[in-house]
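Just below is one structure, and these are the notes that go with it.
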Amino acid sequence: MILILLGAPGAGKGTQAERIKAHFDMQHLSTGDLLRAAVKEGSELGKLAKDYMDGGKLVPDDVILGIINDYMKANEGAGILFDGFPRTVAQAEGLDGFLKDAEVKVVSLEIEDEVVINRLSSRRSCRACGRVYNPALGIKPAGDACECGGEIYQRDDDRSETIANRLNIFHTQTEPIIEFYGARKVLYKVNGNGAPDEIFKRVKETLV
Ligand code: AMP
């Protein structure tokens, strides 16, 4: 099965992805994590992606589809959980071309813009392992550093100027995907408000 987690930035896709992959034993690809790792490494992909990411813009569809094609070939036959992909209708159509006859389910985490703005502006991440903390929600490390010892920082794209941009892109470019999958009756809308475990319970109910 291919499971797609949709939702605005800050809707909790990464947090739910951790739980889903452990519970359902799936491969997990977060395109955002993969791109951040590429930027950190300074690879060609990273150099290309950096300016888009820092400005809260989307990396071009052909670049993303190249990554997905490679990933699907390397994980043929496995259950895959996509988090942060697809982000445009063109990406969703591109994914169709790679799917063969795999079953697709789409979970859309629904949340209001105000909640996104509050969550993202207080979100902090670990530079080493990518773990996400949010002191405003009581999710904080024991000391100043991450549990892995890494430095805790604010992602450039979590600054308030960029959050508005990312939300705008979500509404104009990503939201149309909800209709795309809704028409196929593979879309499950889940209330993204509340504690992570509470939301996961709702997600599980849609997947059984
Ligand atoms: P995320 O961690 O999912 O919020 O992604 C962080 C940034 O990576 C986004 O704001 C985009 O610049 C880029 N990105 C991640 N996934 C995609 C995608 N599927 N298509 C285009 N850009 C992406």
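Could you look through the stretch 154-191, keep only residues that are modelled with pLDDT of 95 or more and not in a helix (DSSP H, G or I), and pick out the one that is surrounded by the fewest Cβ atoms within 10 Å (Cβ to Cβ)? Checking each candidate, the answer is Ala183.
Open to solvent by 50 Å² or more (accessible area, probe 1.4 Å), closer than 19 Å to Gly7 by Cα and more than 14 Å from the ligand (Cβ to nearest atom): is that true of Glu93 in this structure? No, not satisfied. Of everything listed in (1) among the charged types (D, E, K, R); (2) more than 15 Å from the ligand (Cβ to nearest atom); (3) in contact with an Asp or Glu (Cβ under 6 Å, 6 or more places away or on another chain), the single unmet condition for Glu76 is (3).
For residues that are away from the ligand (no atom under 12 Å from the Cβ) and assigned to a strand (DSSP E or B), scanning just the stretch 1-43, find the one that is surrounded by the fewest Cβ atoms within 10 Å (Cβ to Cβ). This residue is Gln27. The set of residues from the stretch 177-189 being out of contact with any strand residue (DSSP E or B) (no Cβ under 9 Å at 6 or more places or on another chain) and within 14 Å of the ligand (Cβ to nearest atom) is empty.
Applying the criterion of at least 1 residues that are farther than 17 Å from Tyr181 by Cβ to the helices (runs of 4 or more DSSP H) found wholly in the stretch 47-124 leaves 61-74, 113-121. Residue pairs whose Cβ atoms lie under 9 Å apart, separated by 6 or more positions or on different chains, with the first residue in the stretch 45-65 and under 10 Å from Gln91 (Cβ atoms) and touching a residue at least 40 places away in the same chain (Cβ under 8 Å) and the second open to solvent by 30 Å² or more (accessible area, probe 1.4 Å) and assigned to a helix (DSSP H, G or I), are Leu58/Tyr52; Leu58/Gln173.
The values are calculated or read from the model by the stated rules, or taken from the named source; none is laboratory data. None of these values were measured; they are calculated from a predicted model. Cβ atoms come from the backbone with ideal geometry, glycine included; neighbour counts cover every protein chain shown. To get the accessible areas, we keep the full protein, side chains included, count just its heavy atoms, and leave off ligands, DNA and RNA. Shrake-Rupley method; radii C 1.70, N 1.55, O 1.52, S 1.80 Å.
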